[in-house]
Every structure is written in C-alpha cells, then in structure tokens.
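Laboratory data are not the source of any read-out in this text; all were calculated from the coordinates shown. From a predicted model like this one, the values you see are computed outputs, not experimental measurements. As a convention, Cβ positions derive from the backbone with ideal geometry for all residues, glycine included, and neighbour counts pool all protein chains shown.
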Amino acid sequence: MMPDLGKYAGDVLAAYGITVLLLAGLIWRSLARSVKMKRLLKQAEERRTHG
C-alpha cells in the first residue's frame, strides 16, 4: 500500500507528519472558536431579551 520512497522516505514522512499536525491545530482552533462564539452569542441574546 505504501509506495517505496527510497532516500526520500524521511522527508516525505516528515511532510505528512507536519501536515497532520497543522490540520489538527486548525481543527482544534476552529472548534475552540466555535465554542467561544456560541457562548458570546448566547450572552448577547440574553442581554437583548432580558436587558
């Protein structure tokens, strides 16, 4: 399944690893921001209806 990368195996695998880490970071940041925005929106809606 994995092609023979020869002398470039280390570079290719490092690039894959970096890509996975960057994607995981982007997903984590996106989810964290989503939670924050939902909380802020809920607070703003409560101020508007109860303010």
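Stokes-Einstein diffusion for segment 5-50, with the hydrodynamic radius set to the Kirkwood value over Cα pairs and evaluated at 20 °C in a medium of 1.002 mPa s, equals 160 µm²/s. Note on the chain: dipole from Cβ charges, positive end direction compared against His50, Met2, Tyr16; the farthest Cα belongs to His50.
Ordering Asp11, Asp4 from the fewest to the most neighbouring beta carbons within 10 Å gives Asp4, Asp11. Distance between the pseudo-spin-label points of Ala9 and Leu41 (7 Å out from Cα toward the beta carbon): 4.8 nm.
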